[in-house]
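Visitor: Below is a structure I'd like to ask you about.
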Amino acid sequence: MARNVKFDELGPVGLVSIDNPPVNAISHPVRLELIDAIERAEKNSSIKVLLIMSSGERFSAGADITEFDRPQDEPSLQQVQARIESSLIPVVAAIHGLALGGGLELAMACHYRLAHKGAKLGMPEITLGIIPGAGGTQRLPRLVGARAALNMILSGTPISAQEAKANGLVDELAEDNLRDAAVSFCERLVHEGLGPRPTCNRTVIDGLDEAEIASALRTQARALKGRTTQNLVIEAIQASGLPFSQGIAIETALAQKSLASRESLALRHVFFAERKSGRLSAASSVDAKPTQPPAIQRVVVIGAGTMGSGIAIAFADAGLEVLVNDNDPAALSRSGEFIRLTYASSVRRSRITQSVADERIRRIRNVDTLAEVADADLVIEAVFEDPELKKDVLSKLDSALPAQRLIATNTSTLSVTELARATAHPERILGLHFFVPAHASKLLEIVRTDHTSSESLSTAFRVARVLKKSAVVSRDAFGFIGNRMMLDGYFREAEQLLLEGATPSQVDTALENFGFAMGPQRVSDLGGNDVGTKARVQLFKRESRPDPYFAIADRLTEMGRLGQKTGRGFYCYEDGSHEAASDPEVIELIEKLAADRSIRRREINDQEIVERCILSLINVGAMVLEEGIAARASDIDVVWTSGYGFPRHLGGPMFYADTLGLSHVLQRIRHYHEKLGHYWRPTPTIERLASAGSSFERWDNTAGSQ
Ligand code: T1G
């Protein structure tokens, strides 16, 4: 009994419908049943044409990624495609929603393709560190040309149905009902006697020359920095100039090679980690399975500052109605201006059209009273980072809102537990730690207290899904997950290296060569050294740290060297440019701070810089795990790849530690502990895992951390 593929007869049209929730992945059962449906159609003489469609919101998200770590059960997708391509009757694919990866490759093996006007078609394999492995590098060039295929596969970004029609990937667009349009198309084929049209028999109309390859790589240079999959993509597409059987053999070999690459293992790890982090872990759910969270249509943001305005934009982008409240009319007008300028910039960069910008701006309304707050599905307070002010706002909201309605506080340094004490219902209070800029940053830390209910967490997860952000739950502690690791590990060690003799640009460049989008001192200058200093002042009210702990950044703040916004920080920035130029005055300042601490300075090589910054990050990550602040090591990887620029193709700090091997990691941490003392004390969890020959991945897979 077919479960994932249905077959219906519509006169001469055999309709094959894939139904494999949630994304119509071309899994083994689907492949088996596709073959059955094709054979059934061919045995039925009244069927003159086969039409392949899907149910649900999208055609197919591609091959089943969960099958990648084991040999592909037959029939393989390639075998299904060969069966389609050699069919004696024409086969038509009708695409709606999304056709990605193996899903689009399935459609490309059909003889004709239709797409609904709102559909998108893409080859996102490179985002998983693999190359298309079901003929994508051979059939796509035959349909759209090698150059267009190269750009589409290197970008990994879907194209619109209109673009696909224009470049030949799709034969016809359906304006309204796709099924009706597709059945009519099939009937026309039969009426006009148009038979099979195997894509594999086409030839590629254009080759790839070095200039085109270089241009395509330049276009993707930022996304592909430090990556290797692109080289395999180029090799495979170049093989599309050969006879199909030779080209597909080369693609298959290269696809296998890409699947086994560390880059692919890391990228697939992050893909699944991002989906796991957006769910309650068994360890973190405090009571029975949470109920379905309420719908969220209207959000109230209290506090019209930069964070509040960014949060308002994030919700408007997601299609929600947003009320921004502030008791200071000037703040409200500044917020309105900030929002207008932000959207104007997005229009200027062609990210959205003016009409979309106007529609989103209309979704945001300024209110100077809390009268409408009771109707909100969600209230987020984003007032100034002052505990008393936040407590006062939370207390008023607590009285104004029904007891089960979620109230979130946007804070990066304050104790959510402490703030919740200002309310009568701490179970509905949690932190939503947005990252600047709130409307663009992918990461959202959900900060739970010991009182936070599962219902509140489920609602927060829904908020993250609505905002298309990667959610990670953090227990309420110093710096939550990301900032704790940044402050106690990575950035602190970077400053220690400066005191010991490295220069800001040497440290930044070494870490950017490792793969970070931006080195620590450049990040500090960008965000503002004063922002870091203020955060540490607040955090120190919770827990202090031994010196040296950001002695350089705090001294720069005292001197008014706040970074880009004042033209000088760790670097100097001529005439408001973003170009960071080394500043001898800063070196002198660092030398003095080092001398005050009797730190002997020396030449330090890049390898030591990277090792110390990354290992200190890993060591503090293990503390965050050990203290139960993060529920999973993979959650920490999501935090650092989504919110702090850790190179995604290395999988995140904890995955990267596993690739180094925890015995090696422990040995090197012990080495630095002997040399540098305090901050390098090996975390017992690392000692325990290393001595057991284990890994953070296995730590995650134990029952305790699910
Ligand atoms: N295979 C298996 N499971 C998948 C899947 C896939 N291709 N895509 C998504 N899922 C799961 C996902 O893990 C989650 O599971 C659930 O579906 C909902 O996903 C041969 C080799 C399509 C844009 O790279 O980009 O084809 O957490 O939360 O936000 O050349 O899923 O519920 O248990 O992401 O609505 C190429 C990957 C594969 C697309 C939908 N395809 N997927 O986003 O839902 S490689 C891709 C996505 C390939 C061929 C090669 C997104 C989405 P769970 P979700 P969403």
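The values are calculated or read from the model by the stated rules, or taken from the named source; none is laboratory data. Given the structure is predicted, the values throughout are model-derived calculations rather than measurements. All Cβ positions, even for glycine, are placed from backbone atoms using ideal geometry, and neighbour counts span all protein chains on display.
Visitor: Please work out which one of (1) of a type in the set (Ser, Thr, Tyr); (2) within 11 Å of the ligand (Cβ to nearest atom); (3) in a loop (DSSP other than H, G, I, E, B) is the condition Ser87 fails and give its number.
Guide: For Ser87, the exception is condition (2).
Visitor: Given the structure, is Asp525 buried (at least 24 other Cβ atoms within 10 Å of the Cβ), more than 24 Å from Glu543 (Cα to Cα), acidic (Asp, Glu) and over 24 Å from the mean Cα position of the chain (by Cα)? Break it down stepwise before answering.
Guide: Values: buried (at least 24 other Cβ atoms within 10 Å of the Cβ): yes; more than 24 Å from Glu543 (Cα to Cα): yes; acidic (Asp, Glu): yes; over 24 Å from the mean Cα position of the chain (by Cα): yes.
Judged against the criteria, Asp525 is a match.
Visitor: For the stretch 66-84, what are the residues that are within 8 Å of the ligand (Cβ to nearest atom) and either part of a strand (DSSP E or B) or under 23 Å from Ala115 (Cα atoms) (or both)?
Guide: Correct list: Leu77 only.
Visitor: Confirm whether Ser27 is over 12 Å from Asp64 (Cβ atoms) and polar (S, T, N, Q). Break it down into steps so the answer makes sense when it comes.
Guide: Numbers: over 12 Å from Asp64 (Cβ atoms): no; polar (S, T, N, Q): yes.
The answer is no for Ser27.
Visitor: Identify the residue in the stretch 40-65 that is touching a residue at least 12 places away in the same chain (Cβ under 8 Å) and part of a helix (DSSP H, G or I) and, among all such residues, is nearest to Glu251 (Cα to Cα).
Guide: Out of the qualifying residues, it is Ile65.
Visitor: Identify the residue in the stretch 533-567 that is at pLDDT 95 or above and among the charged types (D, E, K, R) and, among all such residues, is nearest to Ile481 (Cα to Cα).
Guide: My answer is Asp554.
Visitor: Is it true that Gly11 is under 22 Å from Val183 (Cβ atoms) and in contact (Cβ under 8 Å) with a residue 40 or more places away in the chain?
Guide: On the way: under 22 Å from Val183 (Cβ atoms): yes; in contact (Cβ under 8 Å) with a residue 40 or more places away in the chain: yes.
Against the criterion (under 22 Å from Val183 (Cβ atoms) and in contact (Cβ under 8 Å) with a residue 40 or more places away in the chain), Gly11 qualifies.
Visitor: I've got another one for you. Being more than 16 Å from the ligand (Cβ to nearest atom) and in contact with a helix residue (DSSP H, G or I) (Cβ under 7 Å, 6 or more places away or on another chain) is the filter; apply it to the stretch 269-292 and report the residue that is modelled with the highest pLDDT. Please lay out each step first, then the result.
Guide: First, pick out the residues of the stretch 269-292 that are more than 16 Å from the ligand (Cβ to nearest atom): 283-288, 291.
Narrowing the set further to residues that are in contact with a helix residue (DSSP H, G or I) (Cβ under 7 Å, 6 or more places away or on another chain) leaves 283, 285-287, 291.
Details: Ala283: 55, Ser285: 51, Val286: 48, Asp287: 46, Thr291: 61.
Filtering first and then ranking leaves Thr291.
Visitor: Looking only at the stretch 318-330, how many residues end up being surrounded by 19 or more Cβ atoms within 10 Å (Cβ to Cβ) and either assigned to a helix (DSSP H, G or I) or not hydrophobic (A, V, I, L, M, F, W, C) (or both)?
Guide: Taking the stretch 318-330 and keeping what is surrounded by 19 or more Cβ atoms within 10 Å (Cβ to Cβ), we get 318, 320, 322-326.
Narrowing the set further to residues that are either assigned to a helix (DSSP H, G or I) or not hydrophobic (A, V, I, L, M, F, W, C) (or both) leaves 325-326.
Of the residues in the stretch 318-330, 2 are surrounded by 19 or more Cβ atoms within 10 Å (Cβ to Cβ) and either assigned to a helix (DSSP H, G or I) or not hydrophobic (A, V, I, L, M, F, W, C) (or both).
Visitor: Shifting gears a bit: When both residues are 6+ apart or on different chains and their Cβ atoms are under 7 Å apart, which pairs have a first residue that lies in the stretch 248-275 and is under 16 Å from Gly133 (Cα atoms) and of a type in the set (A, V, I, L, M), and a second that is outside any helix (DSSP H, G or I) and within 11 Å of the ligand (Cβ to nearest atom)?
Guide: Cβ pairs passing all conditions: Ile248/Gly135; Leu254/Ile131; Ala255/Ile130; Ala255/Ile131; Ala255/Gly133; Leu259/Phe68; Leu259/Ile130.
Visitor: To continue, here is another question. Among the residues of the stretch 141-168, write down those that are within 15 Å of the ligand (Cβ to nearest atom), closer than 27 Å to Pro243 by Cβ and in contact (Cβ under 8 Å) with a residue 60 or more places away in the chain.
Guide: Listed by number, the residues that qualify are Pro141, Ala149, Ile153, Leu154.
Visitor: For the stretch 115-135, which positions are over 15 Å from Thr199 (Cβ atoms) and not in a loop (DSSP other than H, G, I, E, B)?
Guide: Correct list: Ala115, His116, Lys120, Gly122, Pro124, Glu125, Ile126, Thr127, Leu128.
Visitor: Another question, then. Mind listing just one residue for me: the one in the stretch 22-63 that is more than 16 Å from the ligand (Cβ to nearest atom) and among the acidic types (Asp, Glu) and, of those, surrounded by the most Cβ atoms within 10 Å (Cβ to Cβ)?
Guide: Applying the filter and picking the extreme gives Glu33.
Visitor: In the stretch 90-114, which residues are away from the ligand (no atom under 13 Å from the Cβ), among the hydrophobic types (A, V, I, L, M, F, W, C) and outside any strand (DSSP E or B)?
Guide: Cys110
Visitor: Give me a count of the residues in the stretch 518-551 that are farther than 14 Å from Leu562 by Cα, outside any helix (DSSP H, G or I) and not basic (Lys, Arg).
Guide: So the answer is 8.
Visitor: Sort out which residues of the stretch 552-593 are in a loop (DSSP other than H, G, I, E, B), in contact (Cβ under 8 Å) with a residue 40 or more places away in the chain, surrounded by 15 or more Cβ atoms within 10 Å (Cβ to Cβ) and of a type in the set (Gly, Ala, Ser), and write them in order of number.
Guide: Answer for the stretch 552-593, where residues must be in a loop (DSSP other than H, G, I, E, B), in contact (Cβ under 8 Å) with a residue 40 or more places away in the chain, surrounded by 15 or more Cβ atoms within 10 Å (Cβ to Cβ) and of a type in the set (Gly, Ala, Ser): Gly569, Ala580.
Visitor: Does the stretch 22-29 contain at least one residue that is farther than 23 Å from Thr127 by Cα, in contact with a Ser or Thr (Cβ under 9 Å, 6 or more places away or on another chain) and not in a helix (DSSP H, G or I)?
Guide: First, the residues of the stretch 22-29 that are farther than 23 Å from Thr127 by Cα: 29.
Now narrow it down to the ones that are in contact with a Ser or Thr (Cβ under 9 Å, 6 or more places away or on another chain): none.
No, every residue in the stretch 22-29 fails to be farther than 23 Å from Thr127 by Cα, in contact with a Ser or Thr (Cβ under 9 Å, 6 or more places away or on another chain) and not in a helix (DSSP H, G or I).
Visitor: Here's another thing I want to ask about it. If I ask for residues that are in a loop (DSSP other than H, G, I, E, B) and crowded, with 19+ Cβ neighbours inside 10 Å, which ones from the stretch 159-194 would you list? Please lay out each step first, then the result.
Guide: We begin by selecting, within the stretch 159-194, every residue in a loop (DSSP other than H, G, I, E, B); these are 168-171, 175-177, 192-194.
Result: Leu169, Val170.
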